[in-house]
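Here is the structure we will look at.
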Amino acid sequence: MSGTKTELSSVETRHPSFVFSLNGVETKIQTASSRRLVDLLRTDLDLPGTKIGCEIGRCGACMVLIDGKPSNSCLTMAYQCEGKDVETIEGMNGESLDPVQKLFLEEGALQCGYCTPGMVMSLKGLLKEKEKPTYEEMKESISGNICRCTGYGGINRVLRKLSEG
Amino acid sequence: MITNEKVWRPDNLHDAWILSSKLSDQCCFVSGGTWLRTQWEAGTKEMAPHLISLDKVPEVKEDISLKGQLGQEEVVIGASTTLAEMITNPTLNEKAPVLVKACKNIAGPSIRNQGTIGGNILSCVGDAIPALIVLNAKLMWFNGDELVYQSIEEWLLNQDEVRDILVSIHIPTDKSKGEHYEFAFYTKVGRRESFIPSLVTVAGTGCYRKGEGIFSHVSLSVGGGNVVPIRLPNTEVKIINNEYSSELLYNVLRQVQQDYKPIDDAFGSAAYKRKVAGNLIVSELYRIGGSNHALE
(Lines give C-alpha, C1' and ligand atoms only; values in the text may rest on other atoms or scores of the structure.)
Protein backbone atom coordinates (compact mmCIF):
# COMPACT_ATOMS: atom_id res chain seq x y z
CA MET A 1 0.00 0.00 0.00
CA SER A 2 1.18 3.50 -0.72
CA GLY A 3 1.88 6.37 1.57
CA THR A 4 -0.64 8.49 -0.34
CA LYS A 5 -3.39 6.03 0.36
CA THR A 6 -2.48 6.09 4.00
CA GLU A 7 -2.84 9.83 4.23
CA LEU A 8 -6.18 9.84 2.45
CA SER A 9 -7.70 6.96 4.36
CA SER A 10 -6.61 8.07 7.80
CA VAL A 11 -6.90 11.84 7.78
CA GLU A 12 -9.65 13.37 9.90
CA THR A 13 -11.30 16.75 9.82
CA ARG A 14 -10.41 19.25 12.53
CA HIS A 15 -13.52 18.49 14.55
CA PRO A 16 -14.98 15.16 13.56
CA SER A 17 -18.36 13.87 14.67
CA PHE A 18 -18.75 10.93 16.99
CA VAL A 19 -21.89 8.91 17.50
CA PHE A 20 -22.46 6.92 20.65
CA SER A 21 -25.29 5.83 22.89
CA LEU A 22 -25.63 8.01 25.99
CA ASN A 23 -27.93 6.61 28.65
CA GLY A 24 -29.76 4.76 25.92
CA VAL A 25 -30.13 7.74 23.58
CA GLU A 26 -28.15 7.95 20.34
CA THR A 27 -25.96 11.02 20.62
CA LYS A 28 -23.91 12.77 17.97
CA ILE A 29 -21.28 15.26 18.96
CA GLN A 30 -18.68 17.23 17.05
CA THR A 31 -15.50 17.77 19.00
CA ALA A 32 -11.75 17.31 19.06
CA SER A 33 -10.92 13.59 19.01
CA SER A 34 -8.76 13.76 22.11
CA ARG A 35 -11.27 15.72 24.21
CA ARG A 36 -11.95 14.00 27.50
CA LEU A 37 -15.28 12.25 27.96
CA VAL A 38 -15.74 13.89 31.37
CA ASP A 39 -15.59 17.33 29.72
CA LEU A 40 -18.01 16.28 27.00
CA LEU A 41 -20.48 15.06 29.59
CA ARG A 42 -20.28 17.97 32.00
CA THR A 43 -19.78 20.89 29.61
CA ASP A 44 -21.18 19.97 26.21
CA LEU A 45 -23.96 17.62 27.25
CA ASP A 46 -24.94 19.28 30.53
CA LEU A 47 -24.62 16.12 32.63
CA PRO A 48 -22.74 17.27 35.75
CA GLY A 49 -23.47 14.13 37.80
CA THR A 50 -20.13 12.75 36.63
CA LYS A 51 -17.57 14.56 38.78
CA ILE A 52 -14.07 15.82 38.15
CA GLY A 53 -11.62 14.88 40.87
CA CYS A 54 -7.98 13.96 40.47
CA GLU A 55 -8.09 13.96 36.64
CA ILE A 56 -5.53 11.14 36.48
CA GLY A 57 -7.70 8.09 37.08
CA ARG A 58 -6.91 7.75 40.76
CA CYS A 59 -10.08 8.87 42.57
CA GLY A 60 -12.98 7.39 40.58
CA ALA A 61 -15.21 10.47 40.88
CA CYS A 62 -15.60 10.50 37.08
CA MET A 63 -16.64 6.85 36.78
CA VAL A 64 -19.07 5.95 33.99
CA LEU A 65 -19.92 2.68 32.31
CA ILE A 66 -18.68 2.12 28.77
CA ASP A 67 -20.25 -0.97 27.22
CA GLY A 68 -21.26 -1.92 30.74
CA LYS A 69 -17.76 -1.71 32.22
CA PRO A 70 -16.60 0.90 34.73
CA SER A 71 -14.31 3.42 33.03
CA ASN A 72 -12.66 6.63 34.15
CA SER A 73 -14.12 9.34 31.93
CA CYS A 74 -11.14 11.58 32.71
CA LEU A 75 -8.89 9.07 30.93
CA THR A 76 -11.24 8.40 28.01
CA MET A 77 -10.98 10.41 24.81
CA ALA A 78 -13.91 11.30 22.58
CA TYR A 79 -12.88 9.01 19.74
CA GLN A 80 -12.73 6.08 22.17
CA CYS A 81 -16.48 6.41 22.76
CA GLU A 82 -17.45 6.09 19.12
CA GLY A 83 -20.08 3.38 18.68
CA LYS A 84 -20.01 2.59 22.39
CA ASP A 85 -22.74 2.51 25.00
CA VAL A 86 -22.00 5.16 27.65
CA GLU A 87 -23.97 5.24 30.90
CA THR A 88 -23.70 7.99 33.51
CA ILE A 89 -25.30 8.45 36.92
CA GLU A 90 -28.07 10.45 35.20
CA GLY A 91 -29.04 7.24 33.40
CA MET A 92 -30.27 5.91 36.76
CA ASN A 93 -32.73 8.76 37.13
CA GLY A 94 -35.83 6.58 36.98
CA GLU A 95 -39.15 6.87 38.77
CA SER A 96 -37.87 4.92 41.75
CA LEU A 97 -34.45 4.83 43.34
CA ASP A 98 -32.01 2.21 42.15
CA PRO A 99 -31.31 -0.34 44.93
CA VAL A 100 -27.66 0.75 45.14
CA GLN A 101 -28.61 4.42 45.47
CA LYS A 102 -31.26 3.50 48.05
CA LEU A 103 -28.71 1.66 50.18
CA PHE A 104 -26.30 4.60 50.06
CA LEU A 105 -29.08 6.76 51.48
CA GLU A 106 -30.25 4.25 54.06
CA GLU A 107 -26.76 3.57 55.36
CA GLY A 108 -25.67 7.19 55.37
CA ALA A 109 -22.84 6.27 53.03
CA LEU A 110 -22.14 9.82 51.95
CA GLN A 111 -21.21 13.10 53.50
CA CYS A 112 -20.42 15.68 50.84
CA GLY A 113 -21.59 13.22 48.18
CA TYR A 114 -18.95 14.14 45.63
CA CYS A 115 -17.57 10.61 45.33
CA THR A 116 -21.01 8.94 45.45
CA PRO A 117 -21.88 8.89 41.72
CA GLY A 118 -18.55 7.24 40.97
CA MET A 119 -19.00 4.70 43.76
CA VAL A 120 -22.49 3.86 42.52
CA MET A 121 -21.35 3.45 38.92
CA SER A 122 -18.49 1.15 39.93
CA LEU A 123 -20.89 -1.05 41.87
CA LYS A 124 -23.43 -1.00 39.03
CA GLY A 125 -20.68 -2.18 36.67
CA LEU A 126 -19.94 -5.15 38.90
CA LEU A 127 -23.64 -5.97 39.30
CA LYS A 128 -24.02 -5.98 35.52
CA GLU A 129 -21.17 -8.48 35.31
CA LYS A 130 -22.20 -10.65 38.25
CA GLU A 131 -25.69 -11.13 39.59
CA LYS A 132 -24.59 -11.95 43.13
CA PRO A 133 -21.07 -10.72 43.75
CA THR A 134 -19.38 -11.44 47.06
CA TYR A 135 -18.44 -8.80 49.59
CA GLU A 136 -14.79 -9.15 48.58
CA GLU A 137 -15.64 -8.69 44.92
CA MET A 138 -17.61 -5.56 45.74
CA LYS A 139 -14.77 -4.22 47.84
CA GLU A 140 -12.40 -4.81 44.93
CA SER A 141 -14.83 -3.14 42.51
CA ILE A 142 -14.61 0.18 44.37
CA SER A 143 -10.86 0.01 45.03
CA GLY A 144 -10.47 2.76 42.43
CA ASN A 145 -12.92 5.08 44.19
CA ILE A 146 -11.75 7.37 46.97
CA CYS A 147 -13.93 9.10 49.57
CA ARG A 148 -12.21 12.11 51.10
CA CYS A 149 -14.85 12.55 53.83
CA THR A 150 -13.71 9.20 55.26
CA GLY A 151 -17.20 7.83 54.82
CA TYR A 152 -15.96 4.29 54.38
CA GLY A 153 -17.89 2.94 57.36
CA GLY A 154 -21.19 3.70 55.68
CA ILE A 155 -19.95 2.57 52.29
CA ASN A 156 -18.79 -0.67 53.85
CA ARG A 157 -22.28 -1.22 55.26
CA VAL A 158 -23.68 -0.81 51.74
CA LEU A 159 -21.35 -3.53 50.50
CA ARG A 160 -22.37 -5.82 53.37
CA LYS A 161 -26.06 -5.28 52.69
CA LEU A 162 -25.64 -5.81 48.95
CA SER A 163 -23.67 -9.01 49.48
CA GLU A 164 -26.35 -10.32 51.83
CA GLY A 165 -28.83 -9.90 48.97
CA MET B 1 -7.93 19.93 30.04
CA ILE B 2 -5.47 18.92 27.37
CA THR B 3 -6.69 18.23 23.86
CA ASN B 4 -5.06 17.55 20.59
CA GLU B 5 -6.29 18.38 17.13
CA LYS B 6 -5.39 15.21 15.29
CA VAL B 7 -6.00 11.60 16.15
CA TRP B 8 -5.13 9.26 13.31
CA ARG B 9 -6.86 5.91 13.18
CA PRO B 10 -5.15 3.64 10.66
CA ASP B 11 -6.75 0.27 10.07
CA ASN B 12 -3.63 -1.78 9.51
CA LEU B 13 -0.08 -2.11 10.75
CA HIS B 14 1.60 -0.80 7.59
CA ASP B 15 -0.45 2.39 7.56
CA ALA B 16 0.26 2.96 11.23
CA TRP B 17 3.97 2.60 10.67
CA ILE B 18 3.98 4.87 7.61
CA LEU B 19 2.14 7.55 9.57
CA SER B 20 4.59 7.35 12.45
CA SER B 21 7.52 7.55 10.05
CA LYS B 22 6.11 10.67 8.39
CA LEU B 23 5.09 12.40 11.58
CA SER B 24 8.27 11.37 13.37
CA ASP B 25 8.69 13.04 16.76
CA GLN B 26 5.40 14.93 16.31
CA CYS B 27 3.38 11.79 17.01
CA CYS B 28 2.70 9.20 19.63
CA PHE B 29 0.96 5.81 19.45
CA VAL B 30 -2.08 5.36 21.66
CA SER B 31 -3.87 2.20 22.67
CA GLY B 32 -5.81 2.39 25.97
CA GLY B 33 -4.21 5.75 26.69
CA THR B 34 -4.47 5.56 30.50
CA TRP B 35 -0.75 5.91 31.17
CA LEU B 36 -0.33 8.64 28.55
CA ARG B 37 -3.27 10.72 29.80
CA THR B 38 -1.96 10.49 33.36
CA GLN B 39 1.39 11.83 32.22
CA TRP B 40 -0.17 14.62 30.14
CA GLU B 41 -2.39 15.81 32.96
CA ALA B 42 0.39 15.56 35.54
CA GLY B 43 2.66 17.58 33.24
CA THR B 44 5.39 14.96 33.14
CA LYS B 45 5.01 14.41 29.39
CA GLU B 46 3.83 16.72 26.67
CA MET B 47 0.97 15.59 24.49
CA ALA B 48 2.21 15.03 20.94
CA PRO B 49 0.52 17.14 18.23
CA HIS B 50 -0.52 13.92 16.48
CA LEU B 51 -1.84 10.78 18.14
CA ILE B 52 -1.92 7.51 16.23
CA SER B 53 -4.59 5.28 17.70
CA LEU B 54 -4.07 1.56 17.28
CA ASP B 55 -7.69 0.71 18.09
CA LYS B 56 -8.50 -0.26 14.50
CA VAL B 57 -5.32 -2.21 13.81
CA PRO B 58 -6.30 -5.90 13.88
CA GLU B 59 -2.76 -7.22 14.34
CA VAL B 60 -2.37 -5.69 17.80
CA LYS B 61 -5.87 -6.78 18.83
CA GLU B 62 -5.18 -10.48 18.40
CA ASP B 63 -7.05 -12.60 20.94
CA ILE B 64 -5.01 -14.48 23.53
CA SER B 65 -4.27 -17.91 22.09
CA LEU B 66 -2.04 -20.92 22.39
CA LYS B 67 0.08 -21.43 19.28
CA GLY B 68 2.79 -23.78 18.07
CA GLN B 69 3.32 -27.50 18.22
CA LEU B 70 3.11 -29.59 21.34
CA GLY B 71 6.30 -29.14 23.33
CA GLN B 72 7.01 -25.81 21.68
CA GLU B 73 3.87 -23.96 22.46
CA GLU B 74 3.59 -20.31 23.30
CA VAL B 75 0.82 -18.08 24.53
CA VAL B 76 0.35 -15.15 22.17
CA ILE B 77 -1.18 -11.93 23.51
CA GLY B 78 -2.08 -8.99 21.25
CA ALA B 79 -0.44 -5.81 22.55
CA SER B 80 -3.76 -4.00 22.87
CA THR B 81 -5.30 -6.70 25.07
CA THR B 82 -6.64 -4.99 28.15
CA LEU B 83 -5.41 -6.01 31.58
CA ALA B 84 -8.99 -7.00 32.48
CA GLU B 85 -9.16 -9.33 29.48
CA MET B 86 -5.93 -10.96 30.58
CA ILE B 87 -7.23 -11.59 34.10
CA THR B 88 -10.29 -13.48 32.87
CA ASN B 89 -8.67 -15.39 30.03
CA PRO B 90 -8.73 -19.17 30.65
CA THR B 91 -5.58 -19.90 28.61
CA LEU B 92 -3.54 -17.34 30.48
CA ASN B 93 -4.88 -18.53 33.84
CA GLU B 94 -3.77 -22.04 32.99
CA LYS B 95 -0.43 -21.32 31.34
CA ALA B 96 0.82 -18.15 33.02
CA PRO B 97 -1.00 -17.60 36.34
CA VAL B 98 1.87 -15.46 37.61
CA LEU B 99 1.14 -12.96 34.85
CA VAL B 100 -2.55 -12.99 35.73
CA LYS B 101 -1.65 -12.27 39.34
CA ALA B 102 0.52 -9.37 38.18
CA CYS B 103 -2.34 -7.91 36.14
CA LYS B 104 -4.71 -8.17 39.11
CA ASN B 105 -2.28 -6.02 41.07
CA ILE B 106 -2.17 -3.20 38.54
CA ALA B 107 -4.27 -0.11 39.31
CA GLY B 108 -8.03 -0.52 39.88
CA PRO B 109 -10.73 -2.38 37.91
CA SER B 110 -11.72 0.61 35.76
CA ILE B 111 -8.14 1.29 34.66
CA ARG B 112 -7.70 -2.39 33.90
CA ASN B 113 -10.78 -2.23 31.65
CA GLN B 114 -8.99 0.32 29.48
CA GLY B 115 -5.24 -0.04 30.05
CA THR B 116 -3.43 -2.55 27.86
CA ILE B 117 -0.54 -4.94 28.36
CA GLY B 118 1.32 -3.14 25.56
CA GLY B 119 1.03 0.16 27.37
CA ASN B 120 2.16 -1.40 30.61
CA ILE B 121 5.28 -2.76 28.92
CA LEU B 122 6.05 0.45 27.02
CA SER B 123 5.93 2.44 30.26
CA CYS B 124 9.13 0.47 31.07
CA VAL B 125 8.14 0.46 34.74
CA GLY B 126 4.84 -1.42 34.53
CA ASP B 127 4.02 -3.98 37.17
CA ALA B 128 3.46 -6.72 34.60
CA ILE B 129 7.11 -6.53 33.51
CA PRO B 130 8.69 -8.53 36.37
CA ALA B 131 6.25 -11.39 35.64
CA LEU B 132 6.99 -11.21 31.91
CA ILE B 133 10.75 -11.30 32.59
CA VAL B 134 10.59 -14.50 34.64
CA LEU B 135 8.32 -16.07 32.01
CA ASN B 136 11.00 -15.36 29.37
CA ALA B 137 8.50 -13.39 27.32
CA LYS B 138 9.37 -12.22 23.82
CA LEU B 139 8.07 -9.07 22.20
CA MET B 140 7.12 -9.02 18.53
CA TRP B 141 7.71 -5.66 16.83
CA PHE B 142 6.82 -4.36 13.40
CA ASN B 143 9.67 -2.30 12.00
CA GLY B 144 8.04 -1.22 8.74
CA ASP B 145 9.32 -4.17 6.75
CA GLU B 146 8.95 -7.23 8.89
CA LEU B 147 7.98 -8.65 12.23
CA VAL B 148 10.91 -9.18 14.57
CA TYR B 149 11.20 -10.88 17.96
CA GLN B 150 13.15 -9.64 20.92
CA SER B 151 13.26 -10.87 24.49
CA ILE B 152 11.70 -8.42 26.91
CA GLU B 153 14.86 -8.57 28.99
CA GLU B 154 16.97 -7.48 26.02
CA TRP B 155 14.55 -4.70 25.10
CA LEU B 156 14.54 -3.31 28.62
CA LEU B 157 18.30 -2.90 28.44
CA ASN B 158 18.08 -0.81 25.24
CA GLN B 159 14.68 0.86 25.28
CA ASP B 160 15.78 4.48 24.79
CA GLU B 161 13.27 5.46 22.13
CA VAL B 162 10.70 3.16 20.60
CA ARG B 163 9.99 3.74 16.91
CA ASP B 164 8.67 0.31 16.03
CA ILE B 165 5.17 -0.93 16.85
CA LEU B 166 4.72 -3.50 19.59
CA VAL B 167 2.41 -6.07 18.03
CA SER B 168 2.24 -8.97 20.46
CA ILE B 169 3.74 -10.67 23.46
CA HIS B 170 4.81 -14.31 23.27
CA ILE B 171 5.23 -16.50 26.33
CA PRO B 172 6.85 -19.92 25.89
CA THR B 173 5.07 -22.62 27.85
CA ASP B 174 7.45 -25.54 27.31
CA LYS B 175 10.02 -25.37 30.04
CA SER B 176 11.08 -29.02 29.98
CA LYS B 177 11.06 -29.09 33.72
CA GLY B 178 9.97 -32.68 33.99
CA GLU B 179 7.73 -33.88 36.76
CA HIS B 180 9.08 -31.66 39.48
CA TYR B 181 7.01 -29.20 41.41
CA GLU B 182 6.94 -25.88 39.62
CA PHE B 183 6.62 -22.68 41.52
CA ALA B 184 5.79 -19.16 40.49
CA PHE B 185 5.37 -16.13 42.68
CA TYR B 186 4.61 -12.46 42.30
CA THR B 187 4.48 -9.97 45.15
CA LYS B 188 3.95 -6.25 45.01
CA VAL B 189 4.51 -3.98 47.99
CA GLY B 190 2.93 -0.54 48.05
CA ARG B 191 1.73 1.96 50.59
CA ARG B 192 -1.81 0.61 50.79
CA GLU B 193 -3.69 -2.56 50.01
CA SER B 194 -4.68 -1.89 46.43
CA PHE B 195 -4.52 0.61 43.57
CA ILE B 196 -1.14 1.95 44.53
CA PRO B 197 2.13 2.37 42.65
CA SER B 198 4.65 -0.26 43.55
CA LEU B 199 7.49 0.40 45.97
CA VAL B 200 8.96 -3.02 45.27
CA THR B 201 7.71 -5.83 43.05
CA VAL B 202 9.32 -9.26 42.82
CA ALA B 203 8.51 -12.23 40.62
CA GLY B 204 9.98 -15.68 40.31
CA THR B 205 9.53 -19.00 38.59
CA GLY B 206 11.37 -22.29 38.91
CA CYS B 207 11.33 -25.90 39.98
CA TYR B 208 11.88 -27.50 43.34
CA ARG B 209 12.61 -31.20 43.71
CA LYS B 210 10.97 -31.92 47.00
CA GLY B 211 12.68 -35.22 47.75
CA GLU B 212 16.15 -33.77 47.34
CA GLY B 213 15.35 -30.21 48.30
CA ILE B 214 17.08 -28.90 45.16
CA PHE B 215 16.06 -25.82 43.16
CA SER B 216 16.40 -25.66 39.37
CA HIS B 217 15.33 -23.49 36.39
CA VAL B 218 15.01 -20.46 38.65
CA SER B 219 14.25 -17.04 37.19
CA LEU B 220 13.97 -13.97 39.40
CA SER B 221 13.06 -10.39 38.68
CA VAL B 222 12.64 -7.23 40.73
CA GLY B 223 11.30 -3.77 40.00
CA GLY B 224 9.10 -1.11 41.51
CA GLY B 225 8.55 2.63 41.53
CA ASN B 226 10.31 4.37 38.69
CA VAL B 227 12.99 1.71 38.36
CA VAL B 228 13.10 -0.38 35.19
CA PRO B 229 12.67 -4.00 36.35
CA ILE B 230 15.68 -6.26 36.03
CA ARG B 231 16.43 -9.94 36.14
CA LEU B 232 18.69 -11.17 38.93
CA PRO B 233 21.07 -13.66 37.27
CA ASN B 234 23.66 -13.58 40.04
CA THR B 235 21.00 -14.40 42.60
CA GLU B 236 19.63 -17.18 40.40
CA VAL B 237 23.12 -18.76 40.32
CA LYS B 238 23.13 -18.86 44.12
CA ILE B 239 19.94 -20.94 44.04
CA ILE B 240 20.07 -23.16 40.97
CA ASN B 241 21.16 -26.75 41.69
CA ASN B 242 21.60 -25.92 45.33
CA GLU B 243 19.89 -27.50 48.28
CA TYR B 244 17.46 -25.54 50.38
CA SER B 245 19.12 -24.42 53.61
CA SER B 246 19.31 -21.40 55.88
CA GLU B 247 22.73 -20.67 54.38
CA LEU B 248 21.17 -20.53 50.93
CA LEU B 249 18.57 -18.06 52.18
CA TYR B 250 21.24 -15.82 53.71
CA ASN B 251 23.27 -15.95 50.50
CA VAL B 252 20.21 -15.01 48.46
CA LEU B 253 19.39 -12.13 50.79
CA ARG B 254 22.91 -10.71 50.45
CA GLN B 255 23.02 -11.21 46.68
CA VAL B 256 19.67 -9.51 46.00
CA GLN B 257 20.82 -6.50 47.98
CA GLN B 258 24.01 -6.36 45.94
CA ASP B 259 22.30 -6.75 42.57
CA TYR B 260 19.28 -4.49 42.96
CA LYS B 261 19.94 -0.76 42.62
CA PRO B 262 16.73 1.13 43.33
CA ILE B 263 16.68 4.85 43.92
CA ASP B 264 15.50 6.96 46.83
CA ASP B 265 12.13 8.61 46.45
CA ALA B 266 9.76 10.54 48.69
CA PHE B 267 8.21 7.33 50.01
CA GLY B 268 11.11 4.96 50.50
CA SER B 269 14.89 4.94 50.59
CA ALA B 270 16.95 2.79 48.25
CA ALA B 271 18.22 0.84 51.27
CA TYR B 272 14.66 0.08 52.38
CA LYS B 273 13.67 -1.11 48.91
CA ARG B 274 16.74 -3.35 48.67
CA LYS B 275 15.88 -4.89 52.02
CA VAL B 276 12.24 -5.42 51.04
CA ALA B 277 13.23 -7.03 47.72
CA GLY B 278 15.60 -9.41 49.48
CA ASN B 279 13.10 -10.29 52.18
CA LEU B 280 10.31 -10.92 49.68
CA ILE B 281 12.37 -13.33 47.61
CA VAL B 282 13.74 -15.13 50.68
CA SER B 283 10.24 -15.46 52.13
CA GLU B 284 9.02 -17.05 48.90
CA LEU B 285 11.93 -19.53 48.90
CA TYR B 286 11.17 -20.31 52.54
CA ARG B 287 7.53 -20.93 51.64
CA ILE B 288 8.59 -23.33 48.89
CA GLY B 289 11.37 -25.20 50.66
CA GLY B 290 10.72 -24.55 54.32
CA SER B 291 7.88 -27.05 54.66
CA ASN B 292 10.24 -29.91 53.88
CA HIS B 293 13.34 -28.72 55.65
CA ALA B 294 13.41 -27.46 59.20
CA LEU B 295 15.90 -24.65 59.28
CA GLU B 296 18.98 -25.48 61.24
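Work the Kirkwood hydrodynamic radius out for the range B:6-53: mean of 1/r over every pair of different alpha-carbon atoms, inverted, in Å. Before the final figure, lay out each step's value.
Details: mean 1/r = 0.0903 Å⁻¹.
One over the average 1/r among Cα pairs gives 11.1 Å for the range B:6-53.
Diffusion coefficient (Stokes-Einstein, Kirkwood radius over C-alpha pairs, 10 °C, 1.306 mPa s) for the range B:58-172: 113 µm²/s, rounded to a whole number.
Pairwise Cα distances in chain A exceed 29 Å for 24 percent of all pairs.
Charges only on Cβ, +1 for Lys and Arg, -1 for Asp and Glu: so what's the dipole of the protein assembly as shown about the Cα centre, in debye to the nearest 20? Walk me through the numbers before you get to the answer.
Values: 49 positive and 57 negative charges, 215 e Å.
Here the size comes out at about 1040 debye.
Of all lysines in the structure, the ones whose alpha carbon falls short of 18 Å from that of A:K132, not counting any fewer than 8 places away in one chain, are A:K69, A:K102, A:K124, A:K161. Label zone (A:E131, point 7 Å along Cα-to-C-beta; backbone nitrogen cut-off 20 Å) within the range A:64-91: A:68-69. Both radii are taken from the alpha-carbon atoms of the range B:181-289; with Rh as the Kirkwood radius, Rg/Rh is 0.98.
Suppose every K and R has +1 on its Cβ and every D and E has -1 on its Cβ; what is the size of the dipole of the range B:218-296 about the Cα centre, in Debye to the nearest 20?
Numbers: 8 positive and 8 negative charges, 37 e Å.
The dipole of the range B:218-296 has a size of about 180 debye.
For chain B, the carbon plus sulfur part of the accessible surface works out to 49%, probe radius 1.4 Å. Taking 7 Å steps out from each Cα toward its Cβ at B:L66 and B:N158 produces label points 3.4 nm apart. The three principal axes of the Cα atoms in the range B:222-263 give end-to-end lengths of 34, 15, 12 Å, sorted in falling order. Lysine pair count for the range B:181-289 with Cα-Cα distance under 24 Å and sequence separation of 8 or more or different chains is 10.
Normalised radius of gyration (Cα atoms, divided by 2.2 N^0.38 Å) for chain B: 1.04. Taking a straight line from the alpha carbon of B:K22, these lysines sit under 23 Å away, with near neighbours fewer than eight places off in the same chain left out: A:K5, B:K6, B:K45, B:K56. Placing dummy labels 7 Å off each Cα toward the beta-carbon, the span from B:I263 to A:S96 is 5.8 nm.
Computed about its Cα centre, the charge dipole of chain B is approximately 800 debye, with only Lys, Arg, Asp and Glu carrying charge at their Cβ.
With loop membership from DSSP and a limit of 11 other Cβ atoms within 10 Å, the longest segment of chain A without GluC sites (Glu not before Pro) is A:1-94. Within the same chain, lysines fewer than 8 places from A:K51 are excluded, and of the rest, none has a Cα less than 16 Å from its Cα.
Contact-buried residues of the range A:117-157, at a threshold of 50 Å² lost accessible area versus the chain by itself: A:E140, A:S143 (1.4 Å probe; DNA, RNA and ligands ignored). Against the main long axis of the alpha-carbon atoms of chain B, helix B:13-23 sits at an angle near 70°.
Ellipsoid semi-axes for the range A:3-91, based on the Cα gyration tensor and the rule √(5λ), read 25, 14, 12 Å when sorted largest first. Measuring nothing but alpha carbons in the protein assembly as shown and taking Rh as the Kirkwood radius, the Rg to Rh ratio lands at 0.99. When B and A come together, around 3200 square angstrom of accessible surface is lost from both chains combined, probe 1.4 Å. For the residues A:T116, A:T31, A:T50, a GNM of chain A with alpha-carbon springs under 10 Å puts the largest fluctuation on A:T31.
Can you compute the helix-only [θ] at 222 nm over chain B? Use -39500 (n - 2.57) per DSSP H run of at least 4 residues, normalise by all residues, nearest 500 deg cm²/dmol.
Details: 12 runs with 105 residues, N = 296.
Calculated mean residue ellipticity at 222 nm is -10000 deg cm²/dmol.
Dipole orientation for chain B: of the candidates B:A42, B:P10, B:S53, B:A42 has the Cα lying most toward the positive pole (charges on Cβ; Lys, Arg +1; Asp, Glu -1).
Counting only DSSP beta bridges with both residues in the range A:7-109, the antiparallel share comes to about 85 percent. Normalised Debye scattering of the range A:99-163 at q = 0.21, 0.25 Å⁻¹ gives log10 I(q)/I(0) of -0.76, -1.11, counting only Cα atoms as equal scatterers and leaving out solvent.
Considering only A:C81, A:C147, A:C54, the Gaussian network model of chain A with Cα springs below 10 Å gives its largest mean-square fluctuation to A:C54. Of the residues B:L157, B:L99, B:L220, the one that moves most in a GNM of chain B with alpha-carbon contacts below 10 Å is B:L157.
The values are calculated or read from the model by the stated rules, or taken from the named source; none is laboratory data. Small disclaimer: the values here were computed from a predicted structure and weren't measured. Positions of Cβ are generated from backbone atoms using ideal geometry, with glycine treated the same way; all protein chains shown enter the neighbour counts. Side chains included, ligands, DNA and RNA excluded: accessible areas come from the protein's heavy atoms. Shrake-Rupley method; radii C 1.70, N 1.55, O 1.52, S 1.80 Å.
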